[in-house]
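Asker: To start, I am sharing the structure in question, which I have written as structure tokens.
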Amino acid sequence: MHLKYVGAYQKPEVYKQIINFPKRGILHGGFVPKHCNPMFSVAIVVNYRDRQKQLDVFLPYMHNFLRKQNLHYRIYLVEQQDKSPFNRGMLLNIGAKVAIEDKFPCVILHDVDLLPLDAANLYACTASPRHMSASIDKFRFLLPYDYLTGGVLAIKSEDFVAINGFSNKFVGWGGEDDNFFFRLKMHKIKIVRFPHHMSRYTMLWHKPERPNSARFFTLRENRQYSAINAEDGLNALQDVRVRVSNTPLYKHVKVQQRCDT
Ligand code: NGS
């Protein structure tokens, strides 16, 4: 297998990507550097359910990592509280929506089992969406396939809104990220990656999830009838109850689907 990168190495653009922050220091699950003016305001949106052990490792690790990058950032922990099959796409839509309402211009969609290993892996948005977790120890640091966008992805809020976020129809494991790539492609938005020595992650162990057997069907359907994407995504989150609260280490976004089957 060969290492592959989609798109060239891109230097992060230094256009103004900051929002007004009321004060410096620790702030509702995030941080604003005290000794310099940050160049990026970034929301880290983490999809989550029932992985306490991973969360206990993820949170202190990420806060340490992110603080060293001199960013203005906040972690949004989006937790599915109902018992329906896990819906990663829906959770990321909801978390991104809350972060965008908080005026963050850049969202980083993040699995809770991935920890970045390279300090150079800047947690900020580039002009094009950037697949950040291109090199994971579980895959012997090789990229499994070119259009993979799962794991960790940085995307400008305006691009996320333009493609209507993720489909809410992929329940259980798999497929929602591949559909996301298709949405980007439909909008002629290319993904980029940093070189692999800057994109290494370690994956925390967990029991393998059971793949959703309908995922290939849903993928095909969404590809064939692309109009579906316009009605299924960020703009179709009516059937969920969302409660948001602040904790010291993250902004907690609790999600409960109304028709809990
Ligand atoms: C593909 C899945 C993606 C998944 C990727 C990597 O096969 O959703 O594997 O998964 N696509 C389909 O099932 C259609 S990983 O092993 O990193 O969890 O993200």
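Asker: Kindly check whether there is at least one residue in segment 50-60 that is crowded, with 24+ Cβ neighbours inside 10 Å and closer than 26 Å to Ser167 by Cβ. Break it down stepwise before answering.
Answerer: Here is the first cut: in segment 50-60, the ones crowded, with 24+ Cβ neighbours inside 10 Å are 58.
Cutting the leftovers down to closer than 26 Å to Ser167 by Cβ gives us 58.
For segment 50-60, residues crowded, with 24+ Cβ neighbours inside 10 Å and closer than 26 Å to Ser167 by Cβ: present.
Asker: What single numbered condition from (1) at pLDDT below 95; (2) closer than 23 Å to Ser157 by Cβ fails to hold for His35?
Answerer: Evaluating His35 over (1) at pLDDT below 95; (2) closer than 23 Å to Ser157 by Cβ leaves (2) as the failure.
Asker: Can you report the number of residues in segment 154-184 which are closer than 17 Å to Ile100 by Cβ, surrounded by 24 or more Cβ atoms within 10 Å (Cβ to Cβ) and either within 12 Å of the ligand (Cβ to nearest atom) or among the hydroxyl-bearing types (Ser, Thr, Tyr) (or both)?
Answerer: 2
Asker: Let me ask something else. Confirm whether Ser128 is of a type in the set (S, T, N, Q) and more than 14 Å from the chain's Cα centre (by Cα).
Answerer: Working: of a type in the set (S, T, N, Q): yes; more than 14 Å from the chain's Cα centre (by Cα): yes.
It is true that Ser128 is of a type in the set (S, T, N, Q) and more than 14 Å from the chain's Cα centre (by Cα).
Asker: Among (1) more than 11 Å from the chain's Cα centre (by Cα); (2) closer than 17 Å to Val161 by Cα; (3) surrounded by 19 or more Cβ atoms within 10 Å (Cβ to Cβ), there is one condition Asp102 misses while meeting the rest; what is its number?
Answerer: The single condition Asp102 does not satisfy is (3).
Asker: Could you look through segment 61-99, keep only residues that are of a type in the set (A, V, I, L, M, F, W, C) and over 29 Å from Ala119 (Cβ atoms), and pick out the one that is surrounded by the most Cβ atoms within 10 Å (Cβ to Cβ)? Outline the logic, then answer.
Answerer: So in segment 61-99, the residues of a type in the set (A, V, I, L, M, F, W, C) come out as 62, 65-66, 71, 75, 77-78, 86, 90-92, 94, 96, 98-99.
Remaining after also requiring over 29 Å from Ala119 (Cβ atoms): 86, 90, 94.
On the way: Phe86: 17, Met90: 29, Ile94: 26.
Once the filter is applied, the top-ranked residue is Met90.
Conditions tested, residue by residue: (1) in a loop (DSSP other than H, G, I, E, B); (2) under 26 Å from Ala127 (Cα atoms).
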| site | (1), (2) |
| --- | --- |
| Lys190 | yes, yes |
| His197 | no, yes |
| Tyr201 | no, yes |
| Pro208 | yes, no |
| Ser213 | yes, no |
| Thr218 | no, no |
| Arg223 | no, yes |
| Asn229 | no, yes |
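Asker: Among all residue pairs at least 6 apart or on different chains, which show Cβ distances below 8 Å where the first residue, located in segment 184-197, is within 23 Å of Val161 (Cβ to Cβ) and the second is among the charged types (D, E, K, R) and part of a loop (DSSP other than H, G, I, E, B)?
Answerer: That search, which allows pairs on different chains as well, returns Leu184/Lys190.
Asker: Next question, about the same structure. Looking only at segment 138-151, count how many residues are within 11 Å of the ligand (Cβ to nearest atom) and in contact with a strand residue (DSSP E or B) (Cβ under 6 Å, 6 or more places away or on another chain). Reasoning before the result, please.
Answerer: Taking segment 138-151 and keeping what is within 11 Å of the ligand (Cβ to nearest atom), we get 138-139, 143-145, 147-151.
With the extra rule that they be in contact with a strand residue (DSSP E or B) (Cβ under 6 Å, 6 or more places away or on another chain), the set shrinks to 138, 149, 151.
The total comes to 3.
Asker: Which pairs have Cβ atoms under 6 Å, sit 6 or more apart or on different chains, and link a residue in segment 147-164 that is of a type in the set (Phe, Trp, Tyr) to one that is in a helix (DSSP H, G or I) and away from the ligand (no atom under 16 Å from the Cβ)?
Answerer: Phe160/Ala96
Asker: For segment 103-136, give me the residue count where each residue is out of contact with any Ser or Thr (no Cβ under 7 Å at 6 or more places or on another chain) and in a strand (DSSP E or B).
Answerer: Count: 7.
Asker: Taking Ile163, is it among the hydrophobic types (A, V, I, L, M, F, W, C) and farther than 24 Å from Asn64 by Cβ?
Answerer: Details: among the hydrophobic types (A, V, I, L, M, F, W, C): yes; farther than 24 Å from Asn64 by Cβ: yes.
It is true that Ile163 is among the hydrophobic types (A, V, I, L, M, F, W, C) and farther than 24 Å from Asn64 by Cβ.
Asker: Starting from segment 204-218, keep only residues that are more than 30 Å from Met62 (Cα to Cα), then list their pairs with residues that are away from the ligand (no atom under 11 Å from the Cβ) and not polar (S, T, N, Q) whose Cβ atoms are within a distance under 6 Å, requiring at least 6 positions of separation or different chains.
Answerer: Here the result reads Thr218/Lys169, each pair linking segment 204-218 to a residue that is away from the ligand (no atom under 11 Å from the Cβ) and not polar (S, T, N, Q).
The values are calculated or read from the model by the stated rules, or taken from the named source; none is laboratory data. Quick caveat: nothing in here was measured; it's all calculated off a predicted structure. Quick reminder, even Gly has a Cβ in these numbers, built from the backbone with ideal geometry, and neighbours come from all protein chains shown.
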